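A.B. asks: Could you have a look at this structure, given as structure tokens, before my questions?
The values are calculated or read from the model by the stated rules, or taken from the named source; none is laboratory data. None of these values were measured; they are calculated from a predicted model. A quick note on method: Cβ atoms are made from the backbone with ideal geometry, for glycine too, and the neighbour counts reach across all protein chains shown. Accessible surface areas use protein heavy atoms only, side chains included; no ligands, DNA or RNA. Shrake-Rupley method; radii C 1.70, N 1.55, O 1.52, S 1.80 Å.
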Amino acid sequence: MTSTQAISRRVLLPAIGVAMVLAIWEATVVFYKLPAIVLPSPFAVVATLVDLVQTSAFWRDVGVSLYEFVVGYAIGVALGVAVGMLVGERPMFRMAATPVIESLRFIVPFAWIPLTILWFGTSYAGKIALVAYAVFFVMVVSTARAIAQVEPTLSRVGTMLGMGPWRLAWKVHLRAAAPMLASAARAAAAIGWIAVVAAEYIGASAGLGLMITNAATSLTTSVVIAGMIVIGVVGAGVSALIGAASRAWLDYR
Amino acid sequence: MSTNLESLATLARSPHATTGTSRAHEGELVVENVFHRYVFAGRDTEVLHDVSFRIAAGQVACVVGPSGCGKSTLLGLAAGLLRPSAGTVRWDGTPVRLGPNPHLGMAFQQPGLFPWMSVRKNVAIGLRTRGYDRREARRIADEFLDTVGLHDFKDAYPRHLSGGMAQRVGIARALALKPRLLLLDEPFAAVDAFTRLKLQQEFKSLLALSRPTVLFVTHDVPEAIALGDLIVVMSKRPASVQTIIPVAREERDRASPAYARKLAETLACLGVTSDMT
Amino acid sequence: MATPAIAAHAPPRLSLRALRVVLGVAGVVVAIGVWWLLSRLLAHGGGVINRLPPPLAVFYELVHYARGDLWRDLVFSLRVFAIGWGVGVVLATVTGLVLGRSQLLGDIFLPIVEAIRPVSSIVWVPLSIVWFGFGLTSKVFLVGLAVYLVVIVYAIDGSRRVPPDLERTATMLGMNEWQRFVSLVLPGTLTEVLIGSRVALMAGWGTVIVAELVAADSGLGAHLIGVEQSYDVPAVMAAMICFGLAGFVMNAAFSFVERRLTPWRHDHATETS
Ligand SMILES: Nc1ncnc2c1ncn2[C@@H]1O[C@H](COP(=O)(O)OP(=O)(O)O)[C@@H](O)[C@H]1O
Ligand SMILES: [Mg+2]
């Protein structure tokens with residue numbers, strides 16, 4: 001493939017696609033004379049977005065959602081990797097824990113939202129617990145699986161070099177499992193971020209989820225769409241950040 | 001057979017281990033009626049069936065036998081990585097403990113390098129776990145990497161190495177620990193024939209320096225004769241010791257008729273007749 | 001001579017499975033025991049978690065719900081789910097085939113799909129309510145979207161993965177475009193779609209929960225919000241268990257069907273741990 005062809009495939013055609021979608025969107029709004037309540041024009045959404053980022057309330061919502069996410073995520077990853085390592089390293093523990101973990105795993109995090117509201121009210125703690133729960137299960141299952149797949153020779157080498165079981169688990173197994181953990185951490189971040197948003201729909205005093213449900217209730221649809229874009233961008237940013245961090249960590253590959 | 005062993009033991013050349021108030025069994029590896037079976041996914045495979053032999057301090061024993069007969073398993077038992085199903089493996093007169101053993105250095109059949117560490121760190125890490133400080137560990141690692149001819153690859157990651165180079169790192173890692181018991185599992189298998197001869201030379205001179213007790217698995221009978229004080233010939237699985245062949249110094253000279261006789265003798269034990277010219 | 005010694009040292013074979021069962025049961029018992037203990041300790045605590053009922057209370061509530069409205073609610077939720085799932089799978093298959101087989105359309109629209117895909121359907125909940133209200137339509141839209149976003153990847157993948165040797169065979173046999181499509185492209189795509197549809201089960205079911213929690217007019221989620229608003233913790237936990245059980249049953253049933261339909265395929269995703 002020549003480079004002009006490559007440019008046309010990677011840049012030109014996708015640009016045409018985006019332009020087409022926007023044009024159809026705008027044309028629909030104009031042609032059917034849709035009120036902004038139903039569907040604002042793309043320009044209105046952009047204008048709303050520009051207005052939004054100049055308000056402090058918006059940044060407060062972003063900050064609250066991110067705070068809930070980051071704290072919950074950190075707790076969930078730490079606990080999930082720790083328990084996942086126990087499950088992966090200790091067959092007895094694995095046999096005892098598997099049924100409990102498997103049955104809890106089927107209660108998707110969203111189903112916990114009402115309970116977290118009863119327990120924690122609309123405070124941050126409820127969302128943090130929810131994110132931690134969601135992230136925890138992703139990390140437990142992936143960590144245990146990754147540890148089980150570590151090349152057995154590496155364990156033998158570690159023992160030969162004088163490492164006891166703790167050191168072996170920490171220095172060899174965890175490190176060898178790192179590539180799988182990194183991709184799990186990324187998947188867990190996506191799930192955790194959505195859990196925050198969903199929890200904020202149902203009971204929150206601040207946050208992006210609350211912002212767009214409030215906008216939906218007051219029928220300011222352009223704010224709803226702008227908020228969706230922001231949620232998507234933040235989610236993508238978090239994912240990219242974790243991806244970059246793990247690449248830096250895994251530079252030997 | 002056992003008389004051979006005893007005479008070899010008394011013949012042992014100035015064993016370093018017997019300095020000072022020596023215990024009788026210091027530096028001696030004894031495999032005593034060892035059985036081993038793997039139980040995996042409901043299948044039960046007997047691999048070793050009543051294996052016994054003894055290596056005196058400072059001696060090199062080469063293990064040869066058909067592939068899959070349990071040579072690597074035997075090394076795992078001697079290293080304390082596996083527990084025998086029955087029987088005992090003794091080092092220094094006491095049964096080998098399961099788990100890390102500080103007297104030990106081992107090079108594995110798959111090199112087993114840590115992919116996230118540079119070559120140098122792969123060699124130094126064992127020294128670090130055994131209490132050397134960072135600088136000293138690094139210096140020793142460099143020294144042994146030079147010995148195996150990898151001075152240009154110290155900062156490379158394992159994925160940049162060929163199979164033979166990775167195996168040499170594995171050997172350097174085992175030697176750098178300056179072990180009293182050295183276990184090598186087909187260490188030169190992935191190395192080209194020319195480098196292999198050079199490494200054998202290097203290896204011999206390194207052994208002459210510290211005189212560890214060595215258990216050396218190889219497929220290569222000439223190599224076994226060149227390096228071993230005795231050759232342990234294993235039978236097919238479930239394996240037991242078929243013969244133990246002592247190797248005298250003059251039999252190592254590849255130009256001598258004694259060498260040719262030894263080669264024919266050993267190959268005959270492995271079921272290869274020598275009239276195939 | 002050492003044969004008896006071997007027998008003594010050989011690991012007893014049957015016990016591994018038995019050990020797994022015993023330990024698994026022990027794990028569940030311990031978990032429920034800890035729950036019970038916590039509920040005792042926190043019963044008069046007055047801290048944040050002073051609303052943890054004992055396991056038995058939740059069990060009674062579960063029985064009570066199962067004798068009452070559970071089946072009505074479950075049917076509502078499952079209907080939303082089934083319609084949305086079906087619509088999502090069909091649309092994803094069709095667009096996947098088009099975008100996967102047409103290079104031009106793929107180049108134009110795939111980047112857009114890729115950009116939207118990571119944004120979960122959950123984010124669309126408020127907009128969907130603005131557009132379609134609180135009824136069935138908005139929930140079907142959300143579930144369909146969730147399923148669509150998962151399955152489309154599998155459909156595109158499957159539509160592009162025709163083995164080259166089969167392609168050559170087809171040329172040799174003189175197949176026309178349509179025959180080629182029906183006998184080569186479609187089976188491969190449908191196989192992948194089948195896998196995607198099961199992966200999409202949990203995404204779709206999770207979306208049902210959120211949609212019903214937010215637009216609470218009927219179904220398990222509406223019940224869950226109802227009991228939550230009357231501070232009935234045992235009922236909330238019973239409803240959660242119902243959600244989990246329903247998800248489990250759907251997953252198991254679909255795995256079974258999938259294995260029946262594609263016996264040649266060893267699907268690793270079926271394993272859960
Ligand atoms: N961890 C294991 N589980 C089950 N069987 C094994 C395991 N390791 C080795 N074996 C089996 O034991 C036999 C001997 O293996 P090994 O000691 O590696 O032989 P060798 O090194 O002589 O080629 C082989 O048949 C092999 O398949
Ligand atoms: Mg081997």
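A.B. asks: Anything in segment C:97-114 that is closer than 29 Å to C:GLU212 by Cα and more than 8 Å from chain A (Cβ to nearest Cβ)? List them, or say none. Before the answer, list the steps.
C.D. replies: First, the residues of segment C:97-114 that are closer than 29 Å to C:GLU212 by Cα: C:112-114.
Hits for segment C:97-114 are C:VAL113, C:GLU114.
A.B. asks: List every residue pair whose Cβ atoms lie under 8 Å apart, where the two residues are 6 or more positions apart in sequence or sit on different chains, the first residue falls within segment C:75-94 and is more than 20 Å from C:VAL153 (Cβ to Cβ), and the second residue, located anywhere, is not in a helix (DSSP H, G or I).
C.D. replies: Every condition considered, the pairs that remain are C:PHE76/C:SER218; C:PHE76/C:GLY219; C:SER77/C:GLY219; C:VAL80/C:GLY219.
A.B. asks: In segment B:46-63, which residues are farther than 17 Å from B:GLU223 by Cβ and touching a residue at least 60 places away in the same chain (Cβ under 8 Å)?
C.D. replies: Going through segment B:46-63, the residues farther than 17 Å from B:GLU223 by Cβ turn out to be B:46-58.
Scanning segment B:46-63 gives B:GLU46, B:VAL47, B:LEU48, B:HIS49, B:ASP50, B:VAL51, B:SER52, B:PHE53, B:ILE55, B:ALA56, B:ALA57, B:GLY58.
A.B. asks: Separate question: Please count how many residues of segment B:126-146 are touching a residue at least 40 places away in the same chain (Cβ under 8 Å) and within 8 Å of chain A (Cβ to nearest Cβ).
C.D. replies: Residues of segment B:126-146 touching a residue at least 40 places away in the same chain (Cβ under 8 Å): B:126-127, B:130.
Add one more test, that the residue is within 8 Å of chain A (Cβ to nearest Cβ), and what stays is B:126, B:130.
Count: 2.
A.B. asks: Related question: Going through segment A:222-239 one residue at a time, which ones are under 15 Å from A:PHE58 (Cα atoms) and of a type in the set (S, T, N, Q)?
C.D. replies: Within segment A:222-239, just A:SER222 meets the criteria.
To keep it simple, each residue is scored yes or no on (1) at pLDDT below 95; (2) more than 30 Å from B:ALA78 (Cα to Cα); (3) in contact with a Phe, Trp or Tyr (Cβ under 7 Å, 6 or more places away or on another chain).
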residue	(1), (2), (3)
A:MET139	no, yes, no
A:GLY162	yes, no, no
A:ILE202	yes, yes, no
A:ILE242	yes, yes, no
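A.B. asks: Let me ask something else about it. State the number of residues belonging to segment B:69-81 that are open to solvent by 10 Å² or more (accessible area, probe 1.4 Å) and either in contact with a Phe, Trp or Tyr (Cβ under 9 Å, 6 or more places away or on another chain) or more than 24 Å from A:GLY158 (Cα to Cα) (or both).
C.D. replies: Matching residues across segment B:69-81 total 2.
A.B. asks: Restricting to segment B:68-101, count the residues that are part of a loop (DSSP other than H, G, I, E, B) and either more than 16 Å from ligand 2 (Cβ to nearest atom) or at the interface with another protein chain (Cβ under 10 Å from one of its Cβ atoms) (or both). Outline the logic, then answer.
C.D. replies: Step one: of segment B:68-101, the residues part of a loop (DSSP other than H, G, I, E, B) are B:68-70, B:80-85, B:92-93, B:96-101.
Going one step further and asking which of them are either more than 16 Å from ligand 2 (Cβ to nearest atom) or at the interface with another protein chain (Cβ under 10 Å from one of its Cβ atoms) (or both), we end up with B:80-85, B:92-93, B:96-101.
Looking only at that region, the number is 14.
A.B. asks: I'd like the full set of residues that are open to solvent by 70 Å² or more (accessible area, probe 1.4 Å) and either part of a helix (DSSP H, G or I) or of a type in the set (Lys, Arg) (or both), limited to segment C:55-75.
C.D. replies: The first filter runs over segment C:55-75 and keeps only residues open to solvent by 70 Å² or more (accessible area, probe 1.4 Å), leaving C:56, C:59-60, C:64, C:67, C:69, C:71-72, C:75.
Matches in segment C:55-75: C:LEU56, C:PHE59, C:TYR60, C:HIS64, C:ARG67, C:TRP71, C:ARG72, C:VAL75.
A.B. asks: Now a separate question. Condition first: within 15 Å of ligand 1 (Cβ to nearest atom), not in a loop (DSSP other than H, G, I, E, B) and not aliphatic (A, V, I, L, M). Now tell me which residues in segment B:28-51 satisfy that.
C.D. replies: The initial filter retains those residues of segment B:28-51 that are within 15 Å of ligand 1 (Cβ to nearest atom), namely B:31, B:34-49, B:51.
Then keep just the ones that are not in a loop (DSSP other than H, G, I, E, B); that gives B:31, B:34-40, B:43-49, B:51.
Scanning segment B:28-51 gives B:PHE35, B:HIS36, B:ARG37, B:TYR38, B:PHE40, B:ARG43, B:ASP44, B:THR45, B:GLU46, B:HIS49.
A.B. asks: In addition: Which numbered condition trips up C:ILE32, out of (1) at pLDDT below 80; (2) in a helix (DSSP H, G or I); (3) open to solvent by 50 Å² or more (accessible area, probe 1.4 Å)?
C.D. replies: (1) is the only condition that C:ILE32 fails.
A.B. asks: Of all residues in segment B:52-65, which are more than 9 Å from ligand 1 (Cβ to nearest atom), in a strand (DSSP E or B) and under 21 Å from A:MET160 (Cβ atoms)? It would help to see each step written out before you state the result.
C.D. replies: Taking segment B:52-65 as the starting set, the residues that turn out to be more than 9 Å from ligand 1 (Cβ to nearest atom) are B:52-62, B:64.
Next, from what is left, pick out any that are in a strand (DSSP E or B): B:52-55, B:60-62, B:64.
Listed by number, the residues that qualify are B:ILE55, B:VAL60, B:ALA61, B:CYS62.
A.B. asks: Something else: Residues that are more than 30 Å from A:ALA47 (Cα to Cα): which helices (runs of 4 or more DSSP H) entirely in segment A:143-253 hold 2 or more of them?
C.D. replies: Details: elements: A:152-160, A:178-202, A:208-217, A:221-249.
Filter on segment A:143-253 gives A:152-160, A:178-202, A:221-249.
A.B. asks: Which one of these is over 30 Å from A:ALA226 (Cα atoms) and assigned to a helix (DSSP H, G or I): C:LEU91, C:LEU99, C:LEU78? Explain how you work it out, then say what you get.
C.D. replies: Working: C:LEU91 fails: over 30 Å from A:ALA226 (Cα atoms); C:LEU99 fails: over 30 Å from A:ALA226 (Cα atoms).
Selected residue: C:LEU78, the only one of C:LEU91, C:LEU99, C:LEU78 that is over 30 Å from A:ALA226 (Cα atoms) and assigned to a helix (DSSP H, G or I).
A.B. asks: State all residues of segment A:108-142 that are closer than 16 Å to C:ARG51 by Cβ, facing chain C (nearest Cβ under 9 Å) and part of a helix (DSSP H, G or I); if no residue qualifies, say none.
C.D. replies: A:TRP112, A:ILE113, A:PRO114, A:LEU115, A:ILE117, A:LEU118, A:TRP119, A:PHE120, A:ALA125
A.B. asks: Which residue out of B:GLY76, B:GLY68 is touching a Lys or Arg at 6+ places or on another chain (Cβ under 9 Å), within 15 Å of ligand 1 (Cβ to nearest atom) and on the phi > 0 side of the Ramachandran plot? Explain how you work it out, then say what you get.
C.D. replies: On the way: B:GLY76 fails: on the phi > 0 side of the Ramachandran plot.
Checking each option against the conditions leaves just B:GLY68.
A.B. asks: Of all helices (runs of 4 or more DSSP H) completely enclosed by segment C:157-273, which ones contain at least 3 residues that are surrounded by 13 or more Cβ atoms within 10 Å (Cβ to Cβ) and at the interface with chain A (Cβ under 10 Å from one of its Cβ atoms)?
C.D. replies: Working: elements: C:164-173, C:177-180, C:186-214, C:220-229, C:233-261.
Correct list: C:186-214, C:220-229, C:233-261.
A.B. asks: Test of understanding: among B:ARG23, B:ARG13, which residue is closer than 30 Å to B:GLY131 by Cβ, at pLDDT below 90, open to solvent by 40 Å² or more (accessible area, probe 1.4 Å) and charged (D, E, K, R)? Give the steps one after another, and end with the answer.
C.D. replies: On the way: B:ARG13 fails: closer than 30 Å to B:GLY131 by Cβ.
None of the others qualify; the one that does is B:ARG23.
A.B. asks: Scan segment A:95-104 residue by residue and report those that are crowded, with 19+ Cβ neighbours inside 10 Å and more than 7 Å from every other protein chain (Cβ to nearest Cβ).
C.D. replies: Answer for segment A:95-104, where residues must be crowded, with 19+ Cβ neighbours inside 10 Å and more than 7 Å from every other protein chain (Cβ to nearest Cβ): just A:ILE101.
A.B. asks: Would you pick out the residues in segment B:185-201 that are part of a loop (DSSP other than H, G, I, E, B) and either among the β-branched types (Val, Ile, Thr) or within 16 Å of ligand 1 (Cβ to nearest atom) (or both)?
C.D. replies: In the first step, residues of segment B:185-201 are kept if they are part of a loop (DSSP other than H, G, I, E, B); the result is B:186-192.
Passing the criteria: B:GLU186, B:PRO187, B:PHE188, B:ALA189, B:ALA190, B:VAL191.
A.B. asks: Oh, and also: Can you pull out the residues in segment A:195-226 that are within 8 Å of chain C (Cβ to nearest Cβ) and over 14 Å from the mean Cα position of the chain (by Cα)? Give the derivation first.
C.D. replies: Residues of segment A:195-226 within 8 Å of chain C (Cβ to nearest Cβ): A:197-198, A:201-202, A:212-213, A:215-216, A:219, A:221, A:224-225.
Hits for segment A:195-226 are A:TYR201, A:ILE202, A:ILE212, A:THR213, A:ALA215, A:ALA216, A:LEU219, A:THR221, A:VAL224, A:ILE225.
A.B. asks: Of all helices (runs of 4 or more DSSP H) completely enclosed by segment A:1-77, which ones contain at least 1 residues that are modelled with pLDDT under 90?
C.D. replies: Details: elements: A:3-7, A:13-31, A:42-52.
Counting at least 1 such residues, we get A:3-7, A:13-31.
A.B. asks: Find the residue count for segment B:179-201, including only residues that are surrounded by fewer than 16 Cβ atoms within 10 Å (Cβ to Cβ), among the charged types (D, E, K, R) and closer than 25 Å to B:ARG249 by Cβ.
C.D. replies: The qualifying residues number 1.
A.B. asks: Here's another thing I want to ask about it. Going through B:THR213, B:THR218 one at a time, which residue ends up being of a type in the set (Val, Ile, Thr), closer than 15 Å to B:LYS71 by Cβ and buried (at least 21 other Cβ atoms within 10 Å of the Cβ)? Steps first, please.
C.D. replies: Details: B:THR213 fails: closer than 15 Å to B:LYS71 by Cβ.
Unique residue meeting the criteria: B:THR218.
A.B. asks: Hey, another quick one. Kindly provide the set of residues from segment B:228-245 that are open to solvent by 10 Å² or more (accessible area, probe 1.4 Å) and not in a strand (DSSP E or B), ordered by number.
C.D. replies: If the condition is that a residue be open to solvent by 10 Å² or more (accessible area, probe 1.4 Å) and not in a strand (DSSP E or B), then B:ASP229, B:SER235, B:LYS236, B:ARG237, B:PRO238, B:SER240 are the ones that fit.
A.B. asks: Going by what's in this entry, would B:LYS204 be described as more than 16 Å from ligand 1 (Cβ to nearest atom) and open to solvent by less than 20 Å² (accessible area, probe 1.4 Å)?
C.D. replies: no
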